[in-house]
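Right, one structure below, let's go through it.
Only the coordinates and a few stated rules stand behind these numbers; no lab work does. Not measured: the values here are computed from a predicted model. Cβ sites come from the backbone with ideal geometry, for glycine too, and all protein chains shown count toward neighbours.
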Amino acid sequence: MFMEAMARSQGKTRWMEKTPTHVHYLGVLASAFPTARFLHVVRDGRAVAASAVQLGWTPRLPGGRVMRLIWAAKRWQYLTDLGTGFGTRHPSRALEITYEDLVLRPEDVLPRIADFVGVRLDPGQVEASRLGSLGRPNSAFAAGPASPGLDRWRLEWSAAEADAVSRSVARSLRRYGYALDPVSRVSPRLRATHALGTALAGVHVRVKEWAKRIPVAGRLAASPLEFTD
């Protein structure tokens with residue numbers, strides 16, 4: 001097997017693959033690699049949406065920026081549901097953590113990961129030997145607040161945007177322990193508009209993600225059609 005050969009050539013006994021879109025194929029991967037373990041890292045969907053829009057990873061939609069944010073949040077919800085669903089069906093092979101806990105409390109989270117994978121891991125050694133994006137964060141934004149991308153959306157979004165996105169994925173935010181902080185200054189009419197946009201975005205995300213799994217349609221549903229302003 002190619003990955004195993006690469007690991008052996010570097011004197012390693014384990015290897016890791018971290019392509020996010022492989023969340024669609026967790027069942028297939030679990031069957032193909034019966035000893036594999038799966039680490040599901042969940043990040044606040046609002047932070048994910050902020051980065052996706054900043055990078056232009058959303059389609060151009062009627063309704064402007066707020067609809068692109070809602071669309072990105074609904075895609076986050078759809079994909080995290082897949083990961084959480086797999087973990088529920090295979091609790092012995094999957095571990096779910098949040099990005100925020102990993103960043104803010106590595107001394108608690110890293111030992112859990114080590115025990116789950118079956119390796120010895122020294123959090124102090126990890127901190128002292130930062131490589132790649134650990135040493136130089138791979139952020140969609142320029143250097144800003146001290147926290148590495150945590151809650152940046154709170155500083156940059158309008159009240160209407162924060163309310164719309166939080167409501168669009170409220171179920172998942174609650175599931176993973178994220179505060180909703182509803183905004184009372186948004187008019188009922190605007191909320192109704194955003195609710196309709198949320199429903200349409202949810203359908204669009206599901207159709208787009210389904211199309212990606214079909215060889216020919218997948219090429220059309222991927223990045224070439226994700227226009228940005």
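Label-point separation (nm) for L102 and R189, each offset 7 Å from Cα along Cα-to-Cβ?
4.4 nm
Is the stretch 48-106 rounded, prolate or oblate when judged by the Cα gyration tensor, a ≥ b ≥ c being the square roots of its eigenvalues, rounded requiring a/c under 1.5 and prolate requiring a/b larger than b/c?
Judged from the Cα gyration tensor, the stretch 48-106 comes out oblate (a/c at least 1.5, b/c at or above a/b).
Tell me the trypsin sites (Lys or Arg not before Pro) within the stretch 14-48 that lie in a loop according to DSSP and have at most 12 other beta-carbon atoms within 10 Å.
Filter output for the stretch 14-48: R14, K18.
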